[in-house]
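Each remark here refers to the structure printed beneath this line.
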Amino acid sequence: MLDYTEYVKILVALLAVINPLGAIPIFITLTPGEDMEARQKIAKTSSLSATLILLVALFAGEWMLAFFGISVSSFRVGGGILILLMAVSMLQAQLSPTVQTKEEAEESDRKQDIAIVPFSTPLLAGPGAMSTVVLEAHKGSGVGHYASISLAIILIGACIWTALHLAPLISQRLGKTGINVFTRIMGLILAAIAVEFIANGLKGLFPALAG
């Protein structure tokens, strides 16, 4: 297991990538005309689905890398670049095309059930979040390590449910400006995490850089 501060960093990293507060305007936009009960059902399904997707990424990520013959260092660089692109968009208070393209957004407007696709994935548990889980999992080993990351994922799922459950109230109190400020702060944290991933990946690919 790692030091407990490392698991706090993992929790913060996932919180920054997923950004539950930033998902609130999208949630409200994708559920126009829905009553409170219907929105609560969508919120519950979305949070549970996102949690399960990330748990699958945690336990199957290493197998997938081995299956495709991808080294952890290469995945760190690739995942870091992906997360950095997301961070740049968040710093501009925009939804990154790596999360959802314009065409996917238009298609989601025509879907009757948006709880799993596109909301759970790719909006919440998208490539950036799954990459983060896989990369953080490789920092340690053992039952305690995976149990701690699983707990972090479950806590993130609870944060998603709380944010979506209180979406109308939070949106009314914070407003678009408040949510954008929070998104930019998360984007800054995410950019730092992405740079760390890329730097560690490059050191693994080119050991001379470590010296």
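Computed from the coordinates by the stated procedures, all read-outs in this text should not be read as laboratory data. Note that the structure is predicted; figures quoted are calculated from it, not measured. When we count neighbours, we look across all protein chains shown, and the Cβ atoms used for this are built from the backbone with ideal geometry, even at glycine.
Check each of the chymotrypsin sites (Phe, Trp or Tyr not before Pro) in the range 105-211 and keep only those in coil by DSSP with at most 13 other C-beta atoms within 10 angstrom; list them in order.
none
Just 147, 158, 192 to compare: in a GNM of the chain, with alpha carbon springs under 10 Å, which one fluctuates most?
147
Is it possible to state the helix-based mean residue ellipticity at 222 nm for the chain, with each DSSP H run of 4+ residues giving -39500 (n - 2.57), the sum divided by total residues, to the nearest 500 deg cm²/dmol? What is it?
-25000 deg cm²/dmol
Let's test the formula: R0 of 35 Å, r as the Cβ-Cβ distance of residue 92 and residue 143. What FRET efficiency results, to the nearest 0.05?
Calculated value: 0.30.
At 7 Å along the Cα-to-beta-carbon direction for both residue 165 and residue 52, put a label point, then send me their distance in nm to one decimal.
Taking the two extended label points, one gets 1.9 nm.
Note down the relative contact order for the chain as a percent, whole number, built from C-alpha pairs under 8 angstrom at least six residues apart. Walk me through the numbers before you get to the answer.
On the way: 238 pairs, mean separation 97.3, N = 211.
Relative contact order of the chain: 46 percent.
Measure nothing fancy, just the Cα-based angle from helix 72-91's long axis to the longest principal axis of the chain, in degrees from 0 to 90, nearest 10.
40
Test of understanding: given the chain, find the longest segment containing no trypsin sites (Lys or Arg not before Pro) that are in a DSSP loop and have at most 13 other Cβ atoms within 10 Å.
Values: sites that count: 110, 111.
Answer from the scan: 1-109.
Please give the length that would be gained between residue 208 and residue 177 if that part of the chain were fully extended, namely 0.36 nm times their separation in residues minus their C-alpha to C-alpha distance (nm, one decimal).
Here the segment from residue 208 to residue 177 would lengthen by 6.6 nm.
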